[in-house]
1. How far apart, in nm, are two points set 7 Å out from the Cα along the Cα-to-Cβ line at Ala227 and at Lys52?
2. Of His74, His140, His184, which has the largest mean-square fluctuation in a 10 Å C-alpha GNM of the chain?
3. If you take every DSSP beta bridge fully contained in the chain, what fraction is antiparallel? Give it as a percent rounded to 5.
4. How large is the convex hull of the Cα atoms of the stretch 135-253 per residue, expressed in Å³ as a whole number?
5. Over all Cα pairs of the stretch 1-115, how is the pair count split among 5 Å bins, expressed in % and running from 0 up to the last occupied bin?
6. Filter the trypsin sites (Lys or Arg not before Pro) in the stretch 169-253 to those in DSSP coil with at most 10 other Cβ atoms within 10 Å of their Cβ, and list the result.
7. For P(r) over Cα pairs in 5 Å bins from 0, in percent, one of (1) 1, 6, 13, 17, 19, 17, 13, 9, 5, 1, 0; (2) 1, 6, 11, 14, 16, 13, 10, 7, 6, 5, 4, 3, 2, 1, 1, 0, 0; (3) 1, 7, 15, 19, 22, 18, 12, 5, 1, 0 was computed from the structure I shared and the rest are decoys. Which label?
8. Taking the radius of gyration and the Kirkwood hydrodynamic radius from Cα positions alone, what is the Rg/Rh ratio for the stretch 44-90, to two decimal places?
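The values are calculated or read from the model by the stated rules, or taken from the named source; none is laboratory data. This structure is a prediction, so every number in the text was calculated from the model and none was measured. Cβ atoms come from the backbone with ideal geometry, glycine included; neighbour counts cover every protein chain shown. The protein model used for the area step is the full one, side chains on, heavy atoms only, and it has no ligands, DNA or RNA in it. Shrake-Rupley method; radii C 1.70, N 1.55, O 1.52, S 1.80 Å.
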Amino acid sequence: MIIDADTHISPIDEPNALRAEELINQMDKSSVDKAICWLLPPYMREINDSLKYIYESVRKYPNRLLGFGWVDPHFGISKGKDTIRKCLNEYGFYGVKLNGAQNSFPIDDEKISMPLIEEIAKSKKILAFHIGADAYDFTHPFRAAKIAKLFPELQILIIHMGGVSLPEISPACIEFAGECKNMHLIGSAVRYTSIVKAIKILGSSRVSFGSDTPFSIMHSDVSAYNAFLSDYFSEEDRKLVMGGNIMRIFKLS
């Protein structure tokens with residue numbers, strides 16, 4: 001079972017936009033069985049149509065796509081909480097993602113972000129953060145660790161694990177994940193050597209494969225992961241990283 005833990009789809013005609021059917025085609029070419037999909041970074045604009053599109057796509061491809069929500073705190077706390085409830089209750093998504101880099105906010109901001117994180121924590125579903133060097137102040141792993149320690153029962157996906165651009169902040173991600181057992185690293189848009197280091201330090205149960213499609217080439221990433229995992233780790237480790245961990249976290253049969 002191979003699960004891509006970082007893909008984006010969008011109904012909007014714009015550069016990099018990927019429809020659900022195109023994602024499925026890439027998954028088939030890459031021998032990827034399932035993919036977590038969230039919306040394409042919308043940059044401070046209304047996201048309702050994009051969230052509805054993800055919901056409709058998951059309904060169309062229920063055995064392939066794992067729907068995940070998104071909330072932008074700049075639309076206000078009340079609307080943000082409504083969006084979270086709709087994502088989790090009406091759409092049945094596995095969790096909600098906050099992207100402080102694309103939406104320009106510190107992920108642990110007491111006024112605009114934390115009330116939404118508290119709402120997600122109450123649901124006992126999954127929280128995801130973009131954690132990258134592209135907006136290292138807003139999305140630094142120490143901010144994610146602060147939240148992880150406040151909500152130790154909340155499972156948190158750390159997307160990009162400090163990658164995206166150079167210099168990476170992946171060493172800090174690995175260090176804080178060592179302190180916070182509820183932080184799970186998704187190795188998309190990050191150097192492969194950093195992923196190997198994370199697995200060696202944290203163990204294969206704490207890191208998962210992600211491609212960041214359409215910003216990367218899925219089948220190339222699958223091949224690269226299989227190559228370096230085979231070089232450095234056991235077949236059991238490879239299976240966990242390539243899909244087994246997400247199967248466990250998402251409680252998939």
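1. 4.4
2. So, out of His74, His140, His184, the one fluctuating most is His74.
3. Of the beta bridges lying entirely in the chain, close to 0 percent run antiparallel.
4. Given the Cα convex hull of the stretch 135-253, per-residue volume reads 103 Å³.
5. 2, 12, 23, 23, 19, 12, 6, 3, 0
6. Lys251
7. (3)
8. 1.01
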